[in-house]
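Colleague: Okay, here's the structure, questions in a sec.
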Amino acid sequence: MKMKNSIIIALVALVVLTGIIIFPTTFNKGVNFINKETFLSLPTMKERDFMFGLDLQGGAYLLYEADFEEEIPSGERLQRMEGLRNLIERRVDLYGIAESSIQVRGERLVVEIPGAHDLDEAIDIIGETPFLDFREMSTEIQEKQEEKWEEIADHFGKSIDEITLEDIMELEEADIEDWEIVMSDPYVETSLTGRHLKNAGVSMHPITQDPVIVLNFNEEGAELFEAITARNVGKPLATFLDGEILQEATVQEKITGGEAQITGQFTVEEAYTIARDLRIGALPVPIELLSQQSIGPALGEESLDVSLRAGILGLLLVAGFMIFVYRLPGLLSVISLCIYVLFVIFLFKVVPVTLTLSGIAGFILSIGMAIDANILIISRMREEIREGKSISKSIDEGYKRAWTSIRDGNITTLMVAIILFFITTSFVRGFAITLILGIVVSLFCAMIINRILLFFAEESRLSKIKDLWV
């Protein structure tokens, strides 16, 4: 009995903690009041908002089309479109815009940026054609940086390796002239750009079998590359895509003939990714903006309110049905269902999951599916009670006999949800991810949480009132 009481206490504590994380405002108000009235200094809970998709939060919807030359094969076009998608994602992430959705649809790109209501700004962020260039280390800048690092080290009385980020932050108040140069980019542009690169691929080293990135330049690029490598032997040479460093490698010797190899400690997947990005910059794919649309947040707020009301109404109807038909086990199932809703909302906030209208629909649907497992268990359990078995034995038999049906039904639904997640658009993907989370959490609540509640009730005086169980 003590063990079961401990489990109930732990469950209550878990539910309370989950509720605090989901709704921290009330908890923080209480903590602030206690800290104000006492000498305590209790920590408050970090507040975070739910993440909403384009249809709920509003934002920018942009449709682009790639302008391919006719001789480019379909396989190469798909590869370039994927590269463009990754490139635009990098551009959007660079500006700190989270949870954007960029999808490839044939030779078109659909860009959805929640919260971005300035279309002109969103278009400027995405830009047009990617730009690839090769840069070499500036000896002059490098020497100035080394001299300035020595001056900074003398100022703090440390070696260069011992200087910390906190020390760098204090340099603004230190009397060190032009200390900012240590933070500058030591690479300078060369005349070698993506237009000189014919192709980039991946091969395996004949001896080590490590992945090697192979570059092929045109005639003009070969001459430029030969001159650059000749003056940079033993020095790093870096490739930049849209001003962001893509990769860097140390030049081992002067390279002639227009063909070069990049070796390094990277996996096959990383090598293919770098080669793909190099090809995107080398063979630019112009993109044209076909349509643009700004979605206001007002419609999304109204849709969210309607969806939430529908979810609450559905939950109340399910609760009323369970209590009316299944009595005490039905009431315990409703408690388990409320815990299920709490846990799923907790995951939405912590993971986090970007909520869309379709995602909320998937969550509401999962509420009905969550109670389905409890109905199977209770129905089996009531059959055992009618046959004269004890409440405890009936609970065991109910779970044992219902498990195969619950398992098979949820696995098949889970398989469909996973397929939807991987092969559909963002709106349906939102439905799929909430449905997947709902199925997993509903199994946990039905098989674990509800069982704990049933056994707790079975240990109480309620087990003697048979009418409450059947």
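Colleague: Hey, any hits in region 389-400 for a residue that's in a helix (DSSP H, G or I), touching a Gly at 6+ places or on another chain (Cβ under 6 Å) and touching a residue at least 24 places away in the same chain (Cβ under 8 Å)?
Modeller: First, pick out the residues of region 389-400 that are in a helix (DSSP H, G or I): 391-400.
If we keep only those that are touching a Gly at 6+ places or on another chain (Cβ under 6 Å) as well, we get none.
No - not one qualifying residue is present in region 389-400.
Colleague: Show the residue pairs that are 6+ apart or on different chains and have beta-carbon atoms under 7 Å apart, the first residue being within region 152-165 and closer than 14 Å to residue 176 by Cβ, the second being part of a loop (DSSP other than H, G, I, E, B) and among the hydrophobic types (A, V, I, L, M, F, W, C).
Modeller: 152/163; 152/176; 153/163; 155/174; 155/176; 156/163
Colleague: Only one residue in 63, 14, 56 is surrounded by 14 or more Cβ atoms within 10 Å (Cβ to Cβ), of a type in the set (A, V, I, L, M, F, W, C), at pLDDT 75 or above and under 30 Å from residue 246 (Cα atoms), so which one is that?
Modeller: Values: 14 fails: under 30 Å from residue 246 (Cα atoms); 56 fails: under 30 Å from residue 246 (Cα atoms).
Result: 63 is the single residue among 63, 14, 56 that is surrounded by 14 or more Cβ atoms within 10 Å (Cβ to Cβ), of a type in the set (A, V, I, L, M, F, W, C), at pLDDT 75 or above and under 30 Å from residue 246 (Cα atoms).
Colleague: Let me ask something additional. For residue 48, which of the numbered conditions (1) in contact (Cβ under 8 Å) with a residue 40 or more places away in the chain; (2) outside any loop (DSSP other than H, G, I, E, B) fails to hold?
Modeller: All conditions pass for residue 48, except number (2).
Colleague: For region 363-383, enumerate the residues that are of a type in the set (D, E, K, R) and either closer than 17 Å to residue 331 by Cβ or surrounded by fewer than 19 Cβ atoms within 10 Å (Cβ to Cβ) (or both). If you could, list the steps in order and put the result at the bottom.
Modeller: Filtering region 363-383 down to residues of a type in the set (D, E, K, R) leaves 372, 380, 382-383.
Across region 363-383, the qualifying residues are 372, 382, 383.
The values are calculated or read from the model by the stated rules, or taken from the named source; none is laboratory data. Not measured: the values here are computed from a predicted model. Note that each Cβ is placed from the backbone with ideal geometry, even for glycine, and that neighbours are counted across all protein chains shown.
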